[in-house]
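Take a look at the structure set out below.
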Amino acid sequence: MGIKYTKTDELDKLLSQYIDDIGLDEDEIKRRTDIAEKEAERFITLEQEQISKKEKNEKKN
């Protein structure tokens, strides 16, 4: 079962309050987001390489 998410002004307000509470500024959030996106891309690339290698090995057998 998934969680249905609808973006609202109230949710934006709560997110802003949370960010203020934990003391992150926009630059730090952007930096962390960029790092996470790069790591995700790297993981996907590695996963695709492994799938490709596995498929090649299966074709040889």
Original post:
How do the pairs read when you match residues in the range 33-61 that are within 30 Å of I19 (Cα to Cα) with residues anywhere that are in a helix (DSSP H, G or I) and of a type outside the set (F, W, Y), using Cβ under 8 Å and keeping only pairs 6 or more apart or on different chains?
Top reply: none
**OP:** Kindly indicate which of D34, D20, D12 is part of a helix (DSSP H, G or I), modelled with pLDDT of 85 or more and surrounded by 10 or more Cβ atoms within 10 Å (Cβ to Cβ).
**Re:** D34
Original post:
Within the group I29, I3, which residue is in contact with a helix residue (DSSP H, G or I) (Cβ under 8 Å, 6 or more places away or on another chain), at pLDDT below 85 and not polar (S, T, N, Q)?
Top reply: I29
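The values are calculated or read from the model by the stated rules, or taken from the named source; none is laboratory data. Please read these numbers as outputs of a predicted model, since none were measured by experiment. Heads up, the Cβs are rebuilt from the backbone with ideal geometry, glycines too, and the neighbour counts pull from every protein chain shown.
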